[in-house]
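The values are calculated or read from the model by the stated rules, or taken from the named source; none is laboratory data. The model shown is predicted, which means the values in this text are computed figures rather than measured ones. No Cβ is skipped: glycine too gets one built from the backbone with ideal geometry, and neighbour counts run over all protein chains shown. Each accessible area value is taken on the protein alone, full model and side chains, heavy atoms only, with ligands, DNA and RNA left out. Shrake-Rupley method; radii C 1.70, N 1.55, O 1.52, S 1.80 Å.
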Amino acid sequence: MSTVSSWWFPPIPLGRIAVLRVLAYLFVPLDVLVTTSWVVHHGDVPGVLYRPVRIARFLDLPTPTPAVVGGLRTVLLAAAVVAALAACTGATRLVRVAGVLVAGSYLWWMFIAMSYGKVDHDRFAYLVLLAVLPTVGAARFGQQEPAPGAGWVVRLVQVSAVATYFLAAWAKIRFGGWGWVNGATFSRAIIRRGTMFSDWTLHVPWLLRAAQWAMVVGELLSPVVLFVRERLQVRIVVGLIAFHVVTFAALRIVFLPHLVALAAFLPLERVGTRRAPAREISRGSPLPAA
């Protein structure tokens, strides 16, 4: 196998796919009923305000109405629950069929959410995760058997998550120019959405400007995480998760679906494994001679 092929199809244990499935599908009810519960109200908005994003226009999807949005929400929630249960029980065919339904219906849910003037970038990697999970067959918790299909799914989600950071920096520079990092970007955000954890920084403008530079530089350097050793990779991702926690505490902004996608970097295949107690090891087969 060539170097390029081996990079795109790393030997990732199937146990990581099993955990990713549960995380991805259980997040759907939380998102639909809590974090994007406002989407259902787009069915009550006059159709003249609906400006479908490009893919929705290409697919010629119907204008949201109470029946369309309500029906889609019901299908999405039911499919997500079935997919999560199937992932837990190891029902391979059912989890793949339900996973395809979740991926399609959630994508439509996002089309409805983002076709009224605002498009969020925190769901790209999560959408990719939902799209590629059904391509893998049977996967059980703690399963250490590596599979090229599992590696491809994980790598594709990892690249999508990194692209979210890198393209965010590119967009900042493209549309905001260098004024984004040299101006009062964070000050304005804190005035609008600040909390007790961030209000004090308004009196330290140099710190906010330094944080703006640090964010953009960090986003531009984000592709590095794809090419480092796994141990360092995990540490960087834990740092990214901490960054998002701090952002939520400071500005009440959180990228929950993106955090689900970031889990693809973590050794989730260890979930469900059991270490043998020292007593069992001592009573088991003898250790090999040195």
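A quick yes/no check of all residues on (1) without any contact (Cβ under 8 Å) to a residue 60 or more places away in the chain; (2) of a type in the set (Phe, Trp, Tyr):
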| position | (1), (2) |
| --- | --- |
| Trp200 | yes, yes |
| His203 | yes, no |
| Leu207 | yes, no |
| Trp213 | yes, yes |
| Val217 | yes, no |
| Pro223 | no, no |
| Val228 | yes, no |
| Leu232 | yes, no |
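Residue-wise test of (1) open to solvent by 40 Å² or more (accessible area, probe 1.4 Å); (2) of a type in the set (Lys, Arg); (3) in a helix (DSSP H, G or I).
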site: Met196; (1), (2), (3): yes, no, no
site: Trp200; (1), (2), (3): yes, no, yes
site: Gln233; (1), (2), (3): no, no, yes
site: Val237; (1), (2), (3): no, no, yes
statement: Counting only residues in segment 202-217 that are of a type outside the set (A, V, I, L, M) and surrounded by fewer than 16 Cβ atoms within 10 Å (Cβ to Cβ), the one farthest from Phe166 (Cα to Cα) is identified as His203
message: Being within 13 Å of the chain's Cα centre (by Cα), closer than 21 Å to Val271 by Cβ and crowded, with 24+ Cβ neighbours inside 10 Å is the filter here; which residues of segment 104-140 pass it?
response: Ala125, Tyr126, Leu129, Leu130, Leu133
- request: Would you check which residues across segment 177-194 are open to solvent by 40 Å² or more (accessible area, probe 1.4 Å) and either of a type in the set (Lys, Arg) or on the phi > 0 side of the Ramachandran plot (or both) and list them?
  value: Arg188, Arg192, Arg193
- request: Starting from segment 8-37, keep only residues that are under 16 Å from Thr273 (Cβ atoms), then list their pairs with residues that are in a helix (DSSP H, G or I) and aliphatic (A, V, I, L, M) whose Cβ atoms are within a distance under 6 Å, requiring at least 6 positions of separation or different chains.
  value: Ile12/Ala150; Ile12/Val154; Leu14/Ala150; Arg16/Leu268; Ile17/Ala150; Val19/Leu268; Val22/Ala84; Val22/Ala87
